[in-house]
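Asker: Dumping the structure here so I can ask a few things about it.
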Amino acid sequence: MKDEPRVGVFVCHCGTNIGGVVDVPEVVEYAKTLPYVVYADRNLYTCSEEGLNNIRDTIKEYNLNRVVVASCTPRTHEPLFRVACQEGGLNPYLFEMANIREHCSWVHHDSKEATEKAKDIVRMAVARSLWLEPQEEPELEIKDSSLVIGGGISGLVAAISLADQGFKVYLVEKEAELGGLVRQLYKLYPTLEDTSEILNPHIEEAKNHRNIEVHTSTTIKDIEGYVGNFHVTAIKNKEQIEFDVGTIIVATGAWNYHPPEGNFQYGVLDGVMTQLELEELLKEGKLERPEIIVMIQCVGSRVGEIWSYELVGLFHSQATRLLSKILGARGSEEGWAYCSKICCMNAIKNAILIKEQFPESEVTILYQDLRTYKEYEDFYRRARKLEVRFLKYIYEIPPEISEAPGNKLRVSFYDPFAGEEMSIICDKVALSTPLIPSKDGILLAKKLKIPLDQNGFLMEAHVKLRPIDTQIEGIFLAGTAAGPKDISESIVSAKAAAARASILMGNKVIKTEALTAVVNQDLCIGCGLCEELCPYGAHIVKDGKSTVIEALCKGCGVCVVACPQKAISAKHYTDDQILAAVKNAFTEQLT
Amino acid sequence: MKDSKSVLVVGGGIAGIQASLDAADRGFKVYLVEKTPSIGGRMAQLDKTFPTMDCSICILAPKMAECYRHSNITLLTYSEVQDAKGSIGNFEVAVLKKARHVKEDKCVGCGICTEKCPVKVPNEFEMGLADRKAIYMPFPQAVPRLTTIDEENCLFFQKGTCRVCEKLCEAGAIDFDEKPEEIVLNVDAIILATGFDVFNPKAITAYGYGKYKNVITAMELERLICASGPTDGYILRPSDGKEPESVVFIQCVGSRDQRYNPYCSSICCKYAIKDAVLIREHHPEIDTYVFYIDLRAFGKGFQEFANRSKEEYGINYIRSNPGEIREDPITQDLTIWYEDTLTRTIKPLTVGLVVLCTASIPRPDNKKLSELIGVELDDLGFFRASHDIDHPVDLTVPGVYGCGFCLGPRVGDIPHSVMQAGAAVARMSEELAGMEEA
Ligand SMILES: Cc1cc2nc3c(=O)[nH]c(=O)nc-3n(C[C@H](O)[C@H](O)[C@H](O)COP(=O)(O)OP(=O)(O)OC[C@H]3O[C@@H](n4cnc5c(N)ncnc54)[C@H](O)[C@@H]3O)c2cc1C
Ligand SMILES: Cc1cc2nc3c(=O)[nH]c(=O)nc-3n(C[C@H](O)[C@H](O)[C@H](O)COP(=O)(O)OP(=O)(O)OC[C@H]3O[C@@H](n4cnc5c(N)ncnc54)[C@H](O)[C@@H]3O)c2cc1C
Ligand code: SF4
Ligand code: SF4
Ligand code: SF4
Ligand code: SF4
Ligand code: SF4
């Protein structure tokens, strides 16, 4: 402790969130009694304009050199309070948060005890704050070029957007052709335009854009580096190519599920096909006469185990399990718990196309819930007008398919509206199967260290407010790689990904994590454990000593605890700082 | 791109806020025009938000504050667009800053005036479930954090006497003489983000909204279950302030109905599941029912959420579109006669509180804006995208874009609004960069 600490404590009511349980004025009075605390007061909402200005002004007025805010969680609010400190002329790392909401008022009902606990938490925070040190956020240059992985509609749109804004783009597609899944489609809902009318102009534009380098038949071999400066190695037709980019957009798309052989008689009886296969027939003009067709919804979706709904990220170790599930899904009876949201519309689309071509066809759609959300409801009405039949089946009794005389198929199911078992003799059965996570997406996520969600889609940094960003700075998500979407939704997400990437590249520099690990070279014995364990590849052991690449280190602390020599410390989380808080958990030991 | 480009964003809900932040970070000078006294929009009114169930205002407030502080953003609240001309790269927009009668640079938001003002008015933010005063702060986390006098209700403006607030304000912030001010802005592009209104279910007389006190809308319920709402988060019936023994949600009220709104509002099944779960979390003893036609729990994570709401929280789902609600005049309980279409039985159900999941409809503002700016509306009254698949955020005039619910019920939720905001900023950057080159 160099200069004498002058701590300011700001206790927040958070409306009634905290103030309704914890006696805030009492906590304030208590804080005032703590050593080195020269100011303590309360706010109705510390995160409001008024609260933040109060922090800024109080720092100046009382010449504070430590600030403690007792309020909610640092996850959402620490950045805001740090900025307020900075505005008051204080290094933002001389700030400490005491969580008296999630850790106290939200989980306790007894006002008296909660108030005592809030005091303990505040005391711990004040204790730790005394040991805090100023930290600097290094600046990093951002290269003005981008890598877009995946040349489906999302990748194309993201690439063209960035290129139009003047950034250089490398568009990498593993197949020989651009276009992704959409290329296989016939006509698109909701406008029923030919796929080529939408897709081809994008492909042409990407190919001819002077700012885009298209690399088809190319796979990513390795990506090193970090935001602003990624070094990419790719394999194109067996040749290695390399380039550097500042940002990455992942647009690796999704797969369309195939039921395993025998499931719904798929692959066993002729005439049983997926909706995508039916669409291919339509595209090739192979549906030559009116037929009786039954479509079954939710094949492979809305089934399987019910995941407990926690949006925790699944890290790499679990990727392996998910992979085997996906691969297994193509050969077992497992399916997917979520609703893939495109398959109801897609079935109706194909039904309309068939009825418009051959009005005497009989098309029946067997569904659980029809999910024609938004204005797509119109499409549903249009199908009913064309006399497409909609019948409901229930989850507990899935439809069964068997052979019927005369090369026909029989679909038997329980119709809850009629209250009886029904069967339809038909020519074809189309199974509406979901979009599922792609193997390529999962493997790439592993390489890039992007967490996966519970189903195996790439996970966003915050489901609601950062749906395009990933946990890894400088890497963004577009299209179905992050979960089922129709084309217009994929385009929206691709443009948004371009916007997020363009902000980084347009600003040319960013500030990076200040709270990195540091190796005490005198203690290090070069065992290499840290290098092996670091999830971000930030340790490099050379000549028997380890060093941390600051721009890569996220300050996760894995190496700090692992080092047998105790050679590594984490800035802002030093032993002194942590122990100060621990020592004060039960007794006052501030001095 | 030059750093001097500028954009007008109309509407300060989550979509407009995100568009402003993305544009400002991208180097645009942003003017964010919001017609009410504070930014925040509907999201500020929500309690918890699906699918992660975090507190809505807690994740929104930091973004609102960021808008206020961002050096590239000028906030024009209590303001409306009056006139617009020009074209991409050169729009001239006249904005009317209404008279707040409270000086922005003096008011510290202490709230003394609001305590003493004698006039009570239904509080819009609380969906009329509580009162505010004629001088008021829309909600505690309002940005900017200052009060506004609403002329239509203030005694001084209506009757020429009172001025209590002026006497009490230590900061000297009250200014009864303040006049509306017209500001003319020159901008390169316009982003519209006017959001949605809630359908008024009075039109459906059989449900008795407005007549039966214990029939409320989902937006009202959001305020009722919010810990900082009028009942501190307790589910209490409007008729007697008592906890109901059971609650029913009715889906598709005014949606998917040719008489009112033919489209599906996309969000109401999801928020009904959310709110039903929240009720059971707050009050495990309250029986909860959801009447639906098709349960639209689509997209990432929602079917799982629906399953869990059934299995873990014991929410009862009934496939039925109830025809009528009747009130017991003594207990003010409500009886719903319905046909369960899955079991084909006709039954009555008597409950204490009915929540109508009403359609999300276009704001009337869209019409005026479409006339001023020249962008088309679709048949429903939302802004028309220039192509449904290919140009989902471009409106029908170059240089004008849309995001959020004012484009109609797309996915309709917060994440999609945030994405649309980013997409609008990308489109604007592309097109303006293209003009510079040409
Ligand atoms: C049967 C069916 C019918 C549909 N019909 C419609 C419709 O009518 N209207 C509508 O709006 N939507 C429809 N959809 C949805 C539509 O297909 C998707 O919205 C769209 O494909 C999403 O595009 P994307 O670019 O995100 O992904 P994809 O189309 O899956 O493209 C991803 C691309 O990335 C490539 N890739 C993957 N991994 C790598 C890697 N590691 N390296 C390099 N390249 C890689 C893939 O080869 C592929 O080209 C339908 C979907 C299905 C299944
Ligand atoms: C009951 C209910 C519960 C919900 N729950 C969830 C949930 O849990 N999770 C979720 O993701 N989504 C939820 N939603 C959906 C969510 O509310 C919307 O996605 C979101 O609010 C849309 O934001 P917006 O900015 O487009 O519109 P709004 O929030 O409506 O904002 C529009 C803003 O524009 C302003 N404005 C309007 N006209 C003008 C004008 N002419 N000039 C200037 N300003 C103007 C308005 O005053 C308003 O501030 C819910 C919706 C409802 C109704
Ligand atoms: S969109 Fe329809 S078919 Fe597809 S999973 Fe959802 S409910 Fe089932
Ligand atoms: S774990 Fe410790 S001792 Fe081993 S190389 Fe890393 S810093 Fe050196
Ligand atoms: S107007 Fe005056 S009394 Fe009212 S909140 Fe502002 S500063 Fe306080
Ligand atoms: S002058 Fe108007 S706003 Fe002020 S206290 Fe009186 S009624 Fe209220
Ligand atoms: S989301 Fe659900 S409640 Fe809302 S209109 Fe659609 S089907 Fe009806």
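Asker: Among B:C110, B:C55, B:C67, which is the only one that is within 14 Å of another protein chain (Cβ to nearest Cβ), away from ligand 7 (no atom under 16 Å from the Cβ), in contact with an Asp or Glu (Cβ under 9 Å, 6 or more places away or on another chain) and more than 29 Å from B:L168 (Cβ to Cβ)?
Answerer: B:C55
This table checks each residue for (1) of a type in the set (A, V, I, L, M); (2) part of a strand (DSSP E or B); (3) over 20 Å from the mean Cα position of the chain (by Cα); (4) modelled with pLDDT under 95.
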site: B:P118; (1), (2), (3), (4): no, no, yes, no
site: B:E124; (1), (2), (3), (4): no, no, no, no
site: B:P140; (1), (2), (3), (4): no, no, no, yes
site: B:R145; (1), (2), (3), (4): no, no, no, yes
site: B:E152; (1), (2), (3), (4): no, no, yes, no
site: B:F156; (1), (2), (3), (4): no, no, yes, no
site: B:C162; (1), (2), (3), (4): no, no, yes, no
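Asker: Evaluate the range A:475-485: report whether one residue or more is surrounded by fewer than 22 Cβ atoms within 10 Å (Cβ to Cβ), in contact with a helix residue (DSSP H, G or I) (Cβ under 9 Å, 6 or more places away or on another chain) and either within 14 Å of chain B (Cβ to nearest Cβ) or not hydrophobic (A, V, I, L, M, F, W, C) (or both).
Answerer: Taking the range A:475-485 as the starting set, the residues that turn out to be surrounded by fewer than 22 Cβ atoms within 10 Å (Cβ to Cβ) are none.
So far as the range A:475-485 goes, no, none of its residues is surrounded by fewer than 22 Cβ atoms within 10 Å (Cβ to Cβ), in contact with a helix residue (DSSP H, G or I) (Cβ under 9 Å, 6 or more places away or on another chain) and either within 14 Å of chain B (Cβ to nearest Cβ) or not hydrophobic (A, V, I, L, M, F, W, C) (or both).
Asker: To continue, here is another question. Restricting to the range B:268-277, name every residue that is out of contact with any strand residue (DSSP E or B) (no Cβ under 6 Å at 6 or more places or on another chain) and either away from every other protein chain (no Cβ under 13 Å) or away from ligand 3 (no atom under 16 Å from the Cβ) (or both).
Answerer: Those that are out of contact with any strand residue (DSSP E or B) (no Cβ under 6 Å at 6 or more places or on another chain) and either away from every other protein chain (no Cβ under 13 Å) or away from ligand 3 (no atom under 16 Å from the Cβ) (or both): B:Y271, B:K274, B:D275, B:V277.
Asker: Just give me the residues in the range A:261-302 being part of a strand (DSSP E or B) and closer than 18 Å to A:V182 by Cα, in sequence order.
Answerer: First, pick out the residues of the range A:261-302 that are part of a strand (DSSP E or B): A:272-274, A:292-296, A:301.
Passing the criteria: only A:T274.
Asker: On to the next question. Which one is nearest to the other protein chains (Cβ to nearest Cβ), of the residues in the range B:1-30 that are closer than 21 Å to B:I373 by Cα and surrounded by fewer than 23 Cβ atoms within 10 Å (Cβ to Cβ)?
Answerer: Here the residue is B:K5.
Asker: Sticking with this structure for a sec: Quick one: count up the residues across the range B:256-267 that are at the interface with another protein chain (Cβ under 10 Å from one of its Cβ atoms) and touching a helix residue (DSSP H, G or I) at 6+ places or on another chain (Cβ under 7 Å).
Answerer: Number satisfying all stated conditions: 5.
Asker: Among the residues of the range A:234-260, write down those that are within 21 Å of A:A481 (Cβ to Cβ), β-branched (V, I, T) and assigned to a strand (DSSP E or B).
Answerer: Start the filter on the range A:234-260 by keeping residues that are within 21 Å of A:A481 (Cβ to Cβ), which leaves A:234-235, A:245-258.
Adding the requirement that they be β-branched (V, I, T) leaves A:235, A:245, A:247-250, A:252.
Passing the criteria: A:I235, A:V245, A:T247, A:I248, A:I249, A:V250.
Asker: Out of the range B:221-251, which residues are within 18 Å of B:I273 (Cβ to Cβ) and within 18 Å of the chain's Cα centre (by Cα)?
Answerer: Kept after step one, since they are within 18 Å of B:I273 (Cβ to Cβ), are these residues of the range B:221-251: B:221-222, B:224-226, B:235, B:246-251.
Passing the criteria: B:L221, B:E222, B:L224, B:I225, B:C226.
Asker: Tell me the residue from A:E224, A:E175 that is surrounded by fewer than 16 Cβ atoms within 10 Å (Cβ to Cβ) and at pLDDT below 95, please. Walk me through how you get there before you give the answer.
Answerer: Values: A:E175 fails: at pLDDT below 95.
None of the other options fit; the residue is A:E224.
Asker: Answer with yes or no whether B:R223 is within 14 Å of chain A (Cβ to nearest Cβ), farther than 21 Å from B:D328 by Cα and more than 15 Å from ligand 2 (Cβ to nearest atom).
Answerer: Details: within 14 Å of chain A (Cβ to nearest Cβ): yes; farther than 21 Å from B:D328 by Cα: yes; more than 15 Å from ligand 2 (Cβ to nearest atom): no.
When the stated conditions are applied, B:R223 does not pass them.
Asker: Please determine, by comparing only the residues of the range A:504-536 that are on the phi > 0 side of the Ramachandran plot and without any contact (Cβ under 8 Å) to a residue 60 or more places away in the chain, which one is nearest to ligand 5 (Cβ to nearest atom). I'd like the intermediate steps shown before the answer.
Answerer: Within the range A:504-536, the subset on the phi > 0 side of the Ramachandran plot is A:508, A:526, A:528.
Still in the list and also without any contact (Cβ under 8 Å) to a residue 60 or more places away in the chain: A:526, A:528.
On the way: A:G526: 64, A:G528: 62 Å.
Filtering the range A:504-536 for residues that are on the phi > 0 side of the Ramachandran plot and without any contact (Cβ under 8 Å) to a residue 60 or more places away in the chain, the one nearest to ligand 5 (Cβ to nearest atom) comes out as A:G528.
Asker: Working only within the range B:407-430, note down all residues that are at positive phi and within 16 Å of ligand 3 (Cβ to nearest atom).
Answerer: First pass over the range B:407-430, keeping only residues at positive phi: B:408, B:412.
Residue satisfying the conditions is B:G412 alone.
Asker: State the number of residues belonging to the range A:467-516 that are assigned to a strand (DSSP E or B) and modelled with pLDDT under 95. Full working, then the answer.
Answerer: Residues of the range A:467-516 assigned to a strand (DSSP E or B): A:469, A:475-477, A:509-511.
Remaining after also requiring modelled with pLDDT under 95: A:509-511.
Adding up the residues that qualify gives 3.
Asker: Tell me, which residue of the range B:273-317 that is over 18 Å from A:K464 (Cα atoms) and of a type in the set (G, A, S) is farthest from ligand 2 (Cβ to nearest atom)? If you could, list the steps in order and put the result at the bottom.
Answerer: Taking the range B:273-317 and keeping what is over 18 Å from A:K464 (Cα atoms), we get B:276-296, B:306-317.
Going one step further and asking which of them are of a type in the set (G, A, S), we end up with B:276, B:306, B:309, B:314.
On the way: B:A276: 12, B:A306: 14, B:S309: 13, B:G314: 21 Å.
For the range B:273-317, the residue satisfying everything is B:G314.
Asker: Could you please find all residues in the range A:77-129 being in contact with a Lys or Arg (Cβ under 7 Å, 6 or more places away or on another chain) and within 16 Å of A:I55 (Cβ to Cβ)?
Answerer: A:A84, A:E87, A:G88, A:G89, A:P92, A:L94, A:F95, A:E96, A:S129 - these are the residues of the range A:77-129 that are in contact with a Lys or Arg (Cβ under 7 Å, 6 or more places away or on another chain) and within 16 Å of A:I55 (Cβ to Cβ).
Asker: If you check A:V227 against the conditions, is it within 14 Å of chain B (Cβ to nearest Cβ), away from ligand 7 (no atom under 16 Å from the Cβ) and touching a Gly at 6+ places or on another chain (Cβ under 7 Å)? Before you say what the answer is, go through the steps one by one.
Answerer: Values: within 14 Å of chain B (Cβ to nearest Cβ): no; away from ligand 7 (no atom under 16 Å from the Cβ): yes; touching a Gly at 6+ places or on another chain (Cβ under 7 Å): yes.
So A:V227 does not fit the description; no.
Asker: From the list B:T331, B:T350, B:T341, which one is more than 16 Å from ligand 6 (Cβ to nearest atom) and touching a Lys or Arg at 6+ places or on another chain (Cβ under 6 Å)?
Answerer: Numbers: B:T331 fails: touching a Lys or Arg at 6+ places or on another chain (Cβ under 6 Å); B:T350 fails: touching a Lys or Arg at 6+ places or on another chain (Cβ under 6 Å).
Of the residues listed, the single one that is more than 16 Å from ligand 6 (Cβ to nearest atom) and touching a Lys or Arg at 6+ places or on another chain (Cβ under 6 Å) is B:T341.
Asker: Something else now. Can you say whether B:T231 is within 21 Å of B:H282 (Cβ to Cβ) and touching a Ser or Thr at 6+ places or on another chain (Cβ under 7 Å), as far as the supplied structure shows?
Answerer: Numbers: within 21 Å of B:H282 (Cβ to Cβ): yes; touching a Ser or Thr at 6+ places or on another chain (Cβ under 7 Å): no.
No: the conditions fail for B:T231.
Asker: Run down A:V558, A:V548, A:V582 and say which single residue is away from chain B (no Cβ under 14 Å), within 16 Å of ligand 4 (Cβ to nearest atom) and more than 12 Å from A:V519 (Cα to Cα). Quick ask: steps written out before the conclusion?
Answerer: Values: A:V548 fails: more than 12 Å from A:V519 (Cα to Cα); A:V582 fails: within 16 Å of ligand 4 (Cβ to nearest atom).
Answer to the selection: A:V558.
Asker: Checking the conditions here, which among A:R66, A:R75 is within 21 Å of A:A570 (Cα to Cα) and at pLDDT below 95? Can you show your working first?
Answerer: Values: A:R66 fails: at pLDDT below 95.
Step by step, each of A:R66, A:R75 is checked, and only A:R75 is within 21 Å of A:A570 (Cα to Cα) and at pLDDT below 95.
Asker: Taking B:T194, is it part of a loop (DSSP other than H, G, I, E, B), among the polar types (S, T, N, Q) and more than 29 Å from the chain's Cα centre (by Cα)?
Answerer: Criteria not met by B:T194.
Asker: Could you grab me the full set of residues in the range B:283-317 that are at the interface with chain A (Cβ under 9 Å from one of its Cβ atoms), on the phi > 0 side of the Ramachandran plot and in a loop (DSSP other than H, G, I, E, B)?
Answerer: B:G301
Asker: Is one or more of the residues making up the range B:400-421 part of a loop (DSSP other than H, G, I, E, B), away from chain A (no Cβ under 11 Å), in contact (Cβ under 8 Å) with a residue 40 or more places away in the chain and buried (at least 16 other Cβ atoms within 10 Å of the Cβ)? Full working, then the answer.
Answerer: Taking the range B:400-421 and keeping what is part of a loop (DSSP other than H, G, I, E, B), we get B:403, B:408-413.
Narrowing further to those that are away from chain A (no Cβ under 11 Å): none.
No - not one qualifying residue is present in the range B:400-421.
Asker: So is A:K446 assigned to a helix (DSSP H, G or I) and facing chain B (nearest Cβ under 10 Å) or not?
Answerer: Values: assigned to a helix (DSSP H, G or I): yes; facing chain B (nearest Cβ under 10 Å): no.
The answer is no for A:K446.
Asker: With the requirement that a residue be more than 29 Å from B:A15 (Cβ to Cβ), of a type in the set (D, E, K, R) and touching a residue at least 24 places away in the same chain (Cβ under 8 Å), what does the range B:167-198 give you?
Answerer: From the range B:167-198, those more than 29 Å from B:A15 (Cβ to Cβ) are B:167-179; that's our starting set.
Those left that are additionally of a type in the set (D, E, K, R): B:167, B:170, B:175, B:177-179.
Across the range B:167-198, the qualifying residues are B:E170, B:D175, B:E178, B:K179.
Asker: If I filter the range A:424-439 for residues that are within 14 Å of another protein chain (Cβ to nearest Cβ), surrounded by fewer than 22 Cβ atoms within 10 Å (Cβ to Cβ) and more than 16 Å from ligand 5 (Cβ to nearest atom), do I get at least one hit?
Answerer: Here is the first cut: in the range A:424-439, the ones within 14 Å of another protein chain (Cβ to nearest Cβ) are A:432, A:434-437.
When the remaining residues are screened for being surrounded by fewer than 22 Cβ atoms within 10 Å (Cβ to Cβ), the result is none.
No, the range A:424-439 contains no residue that is within 14 Å of another protein chain (Cβ to nearest Cβ), surrounded by fewer than 22 Cβ atoms within 10 Å (Cβ to Cβ) and more than 16 Å from ligand 5 (Cβ to nearest atom).
Asker: Let me ask something additional. Condition test on B:S79, is it surrounded by fewer than 18 Cβ atoms within 10 Å (Cβ to Cβ) and among the small types (G, A, S)? Spell out the reasoning first.
Answerer: Details: surrounded by fewer than 18 Cβ atoms within 10 Å (Cβ to Cβ): no; among the small types (G, A, S): yes.
Taking the combined requirement at face value, the residue does not satisfy it.
The values are calculated or read from the model by the stated rules, or taken from the named source; none is laboratory data. This one's a predicted model, so the numbers in the text were calculated from it and none came from an experiment. Ideal geometry is used to build each Cβ from the backbone, glycine not excepted, and the neighbour counts take in all protein chains shown.
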